[in-house]
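The values are calculated or read from the model by the stated rules, or taken from the named source; none is laboratory data. The structure displayed is predicted, hence computed values, not measured ones. Virtual Cβ from ideal backbone geometry, glycine too; neighbours counted across all protein chains shown. What goes into the accessible areas is simple: the full protein's heavy atoms, side chains included, and nothing from ligands, DNA or RNA. Shrake-Rupley method; radii C 1.70, N 1.55, O 1.52, S 1.80 Å.
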Amino acid sequence: MRVGLFVTCLVDLFRPSIGFAALKLLEAAGCEVVVPQTQTCCGQPGYNSGDRASAQALARKVLNEFEACDYLVAPSGSCAGMIRAHYPDLFSDQPEELERIKRLCGRTYELTDFLVNVARLEQVPGRFDGTVTYHDSCSGLREAGVKSQPRQLLAKMQGLKLKEMEEAEVCCGFGGTFAVKFGEISTRLADNKCNNVAASGADALVLGDLGCMLNIEGRLRRRGDMKTQVLHVAEVLAGTDGND
Amino acid sequence: MQVTSMNFKARAGEKLADVKLQAALRKLQGNFVKGRADRVAELDNFEAIRTAAAEIRDRALANLDVYLEEFETNATARGAVVHWAETAEEANRIVCELAVRYGVRKAAKSKSMVSEECALNDALEAAGIEVIETDLGEYILQLAHEPPSHIVAPVVHKSKEDVSDLFEEKHKLTRKTRIPDLCREAREILRPHFLSADMGISGANFIVAETGSTLIVTNEGNGRMVTTLPRVHVAITGIEKVVPTLEDATTLLRLLPRHGTGQTITNYISVNTGVKDAADLDGPEHFHIILVDAGRTKLIGGDMQAMLRCIRCGACMNHCPVYQSVGGHAYGWVYPGPMGSILTPSYVGIENALDLPNASTLCNQCGVVCPVKIPLPDLMRKLRERQFERGLKPWPEKLGLALWGWTARHPALYAVLSRIGARMLAYMGGAEKRIHHLPLGGGWTAGRDMPAPQGKTFRELYSQKIRKG
Ligand code: SF4
């Protein structure tokens, strides 16, 4: 099974360790992983800001880079959701490309979804001693259908206890450029999320999207919480610490 | 109603700091969010009903002219008079002319968002007619001279104490503090108005083509008084409210109260058909129905048409994290929350509400709960596209998008720039690995740190790894 890893622009820039964790997990599941070197961004920032032309150009680029792979896997519900739920809209008036795009969409997965439903990863390499709580990122949950998959994988880990928080499915306020354009509202939503994380008493917040991670971790630290770890689910499952 | 949607951001800041408002907004969570979830769980065929509901609305919109004409024919046959108002002003003019024709001095109103769109009360008052809002929430707002902040619970931004203060000041009676006592006081004040009003004004949740009826759902019974006691009943509503049959209306009614107030069904459902005839004990002698366009036909056939399915349940705002944080007044017009972020620019002009389609994280909670499956985030995104095409975006955003879009299409350059960026930001993060202040990113760092990058990009680390083998 030849899997193209779509690292995502945020992971590339901010936290490459997530990309390597994803790589490790995919290999542990027996996949042959390729990382197209010209990849950049899925086009979501442009798409959500109304710049359809640039989103389309980037979608076409992703298509060309990943079309030859059996699967496209991204450690992000947001980018996987962008491809699966929105790429077809970008090519709705171009039947030939639309067919190719649709075939790509059908083979595009968020990492944990892929590990559970396609690669059927049995042995999770990581180990984590402590309690974690899981934040469902909006696009992962509502566009890519990610809910039980990360929990199923975390449940396989010895020493890890999952304690669900209140409002796990409520938006953390990130929303891409929204986080800067409407900083005050965004901060309030992040604050609500921090309250729920704190109330859960978990040692670590685990989630599957780096955008939400930066937002929630940024707010936790500003509030003076230096203790609660904020970890990408790939890092936890792979057993690689975020600061390697 | 005056449009102040361009002040969204400034207002939002005030609202976030308003402790009383924040406490009031928390009520939504319990009553409406949980209420909806519980009522939906009772239905074992919920998704099937939802699909049917969306189809009914789509069918009505696809044949809008046909159903509206059928409605007019059937309403006329029962003695009602149908008026067509292309604009809000025209609607107001028609109501004022009717008031003159029938010698109306006082009008009692039940809740109608379309009348808010038209600012009907102002028009009637300017014509020397006394208007009394009889929905408790709307009555409170009329006393306070405030606009509604929610389409179902217009006074959700006020606390019980606010209402006690207001009643004490305006009614000049001993202060009441218990909700039942406040309700009784309002009821006693309103009762004589029902009896002395010459005109009753209502809205309509649906208008039914096959019977020519207007249908309203209420919980207080004031709607029934307003539509049956006065000599003249005027119903004012939007043309998109038409449904083909009564059966269609009942299908929609399985969802409307559940999504609106968390009720299985509202206390009253009134189907108003025609005027009082010889056999009737009650009912109006004259029934006028004003069908208002005010921007609606412009949406037909375009990419916003799905918005006209809306049955005004309010679920999208109840579930919207942004609405929950800033309340309805920040949105600056009649309709707040996600549905308002689409309706306001559509009806009052995209250039008069630039923030609204952007004031959403596109979390899609609204789209998931909407009983008629309106893809609200997709419509907001379409409006963003329109802003972009028309050059209505602020220049820093335009520039940022252009730079990002262009660089991301040039991988070699992107690789160089992202390496520099990752290093610079990592340096700025220092030993703490957190950036406290980000130039050009003040919106972020005013309330949050920015966790610093690890220092190298994935792509450069990966190629090093490959080279090492
Ligand atoms: S858009 Fe949907 S959820 Fe919102 S008020 Fe209309 S029908 Fe209800």
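List of remarks:
- Entirely in region A:103-180, the helices (runs of 4 or more DSSP H) that have 3 or more residues that are closer than 18 Å to A:Gly211 by Cα and within 17 Å of the chain's Cα centre (by Cα): A:138-142
- Filter result (over 24 Å from A:Ser49 (Cα atoms), open to solvent by 40 Å² or more (accessible area, probe 1.4 Å), of a type in the set (D, E, K, R) and not in a helix (DSSP H, G or I)) within region B:388-445: B:Glu432, B:Lys433
- Test: residue in region B:384-399 that is of a type outside the set (Ser, Thr, Tyr), more than 21 Å from B:Asn7 (Cα to Cα) and within 16 Å of the ligand (Cβ to nearest atom): no
- Taking the listed residues B:His288, B:His319, the one that is open to solvent by less than 40 Å² (accessible area, probe 1.4 Å), within 16 Å of the ligand (Cβ to nearest atom) and not charged (D, E, K, R) is B:His319, with no other qualifying.
- Cβ-Cβ distances below 6 Å connect the following pairs, each with a first residue in region A:157-181 that is touching a residue at least 24 places away in the same chain (Cβ under 8 Å), a second residue that is assigned to a loop (DSSP other than H, G, I, E, B) and surrounded by fewer than 16 Cβ atoms within 10 Å (Cβ to Cβ), and a separation of six or more residues or different chains: A:Gly159/A:Arg127; A:Gly159/A:Asp129.
Listed here are the residues, each with its yes/no results for (1) open to solvent by 30 Å² or more (accessible area, probe 1.4 Å); (2) in a helix (DSSP H, G or I).
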| site | (1), (2) |
| --- | --- |
| A:Tyr47 | no, yes |
| A:Gln56 | yes, yes |
| A:Cys69 | no, no |
| A:Gly81 | no, yes |
| A:Arg84 | yes, yes |
| A:Tyr87 | no, yes |
| A:Asp93 | yes, no |
| A:Glu97 | yes, yes |
| A:Ile101 | no, yes |
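- Residues in region A:52-99 that are within 12 Å of chain B (Cβ to nearest Cβ) and more than 28 Å from A:Cys212 (Cα to Cα): A:Asn64, A:Ser92.
- Some residue of region A:119-138 being out of contact with any Asp or Glu (no Cβ under 6 Å at 6 or more places or on another chain) and within 14 Å of chain B (Cβ to nearest Cβ): yes
- In region A:2-45, the residues that are in a loop (DSSP other than H, G, I, E, B) and more than 7 Å from every other protein chain (Cβ to nearest Cβ): A:Phe6, A:Thr8, A:Ala29, A:Gly30, A:Cys31, A:Pro36, A:Gln39, A:Cys42, A:Gly43
For (1) in a helix (DSSP H, G or I); (2) among the polar types (S, T, N, Q); (3) open to solvent by less than 20 Å² (accessible area, probe 1.4 Å); (4) farther than 17 Å from B:Ile216 by Cβ, each residue gets a yes or a no:
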| residue | (1), (2), (3), (4) |
| --- | --- |
| B:Trp84 | no, no, no, yes |
| B:Ala91 | yes, no, yes, yes |
| B:Cys96 | yes, no, no, yes |
| B:Ala99 | yes, no, yes, yes |
| B:Val104 | no, no, yes, yes |
| B:Ala108 | no, no, yes, no |
| B:Glu116 | yes, no, no, no |
| B:Ala123 | yes, no, no, yes |
| B:Gly128 | no, no, no, yes |
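- For region B:41-52, a residue qualifies if it is surrounded by 14 or more Cβ atoms within 10 Å (Cβ to Cβ) and either more than 16 Å from B:Leu253 (Cβ to Cβ) or out of contact with any Lys or Arg (no Cβ under 8 Å at 6 or more places or on another chain) (or both), and the qualifying residues are B:Phe46, B:Ala52.
- Residues located in region A:199-244, provided they are β-branched (Val, Ile, Thr) and over 15 Å from the mean Cα position of the chain (by Cα): A:Thr228, A:Thr240
- Of the helices (runs of 4 or more DSSP H) lying entirely inside region B:304-368, those containing at least 2 residues that are more than 14 Å from chain A (Cβ to nearest Cβ) and among the hydrophobic types (A, V, I, L, M, F, W, C) are B:315-318, B:337-348.
- Condition broken by B:Trp333, with the remaining ones in (1) over 13 Å from the mean Cα position of the chain (by Cα); (2) within 16 Å of the ligand (Cβ to nearest atom) satisfied: (1)
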